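Trainee: Supplied in structure tokens, the structure appears directly below.
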Amino acid sequence: FKAPSRDHPALYRDLLRTNRVHWIAEEPPAELVRDKMMECQFRFRHQMALVPCVLTLNQDGSVWVTLVKPARAITPGQFAVFYKGDECLGSGKILRMGPSVYTLQQGKNREESPKKEEVDKIEPAT
């Protein structure tokens with residue numbers, strides 16, 4: 001898929017799933033085990049700014065990552081690296097991604113527009 005522009009909504013996503021995360025200090029962090037979710041930061045490219053996110057732990061050790069704001073050009077096969085402040089918590093390979101912002105916008109647009117059957121029922125003005 002080639003987007004029409006560098007900032008096209010199809011390039012942005014706010015949900016992804018990793019494989020089993022490799023945790024550095026705690027396997028997995030106590031907060032994540034206790035609450036099944038944890039706020040932290042994330043990046044998937046070395047130089048990119050950290051993005052606030054919420055991790056949700058799955059039984060197989062993988063995590064769902066929900067970003068506070070959508071990030072551009074996330075690709076399966078890249079590594080998601082998680083931080084709490086300056087501390088690197090661990091990383092996991094990105095396996096799957098949620099729908100793009102573009103797809104979500106299309107869904108909203110469809111819900112707001114009248115259905116074809118409803119349009120057909122509208123009588124023409126006389």
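The values are calculated or read from the model by the stated rules, or taken from the named source; none is laboratory data. The structure presented is a predicted model; accordingly, all values stated were derived computationally and were not measured. FYI the Cβ positions are ideal-geometry reconstructions off the backbone, even for glycines, and counts take in every protein chain you see. Ligands, DNA and RNA are stripped out before the accessible areas are found, and what is left, the full protein with its side chains, is counted by its heavy atoms. Shrake-Rupley method; radii C 1.70, N 1.55, O 1.52, S 1.80 Å.
Trainee: Would you pick out the residues in the stretch 74-93 that are under 12 Å from the mean Cα position of the chain (by Cα) and open to solvent by less than 30 Å² (accessible area, probe 1.4 Å)?
Mentor: Passing the criteria: Ile74, Ala80.
Results for (1) crowded, with 18+ Cβ neighbours inside 10 Å; (2) at pLDDT below 90; (3) among the small types (Gly, Ala, Ser); (4) over 21 Å from Pro76 (Cβ atoms), shown as yes or no for each residue.
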residue	(1), (2), (3), (4)
Arg20	no, no, no, no
Glu26	no, yes, no, yes
Ala30	no, no, yes, yes
Val33	no, no, no, yes
Phe44	yes, no, no, no
Gln47	no, yes, no, no
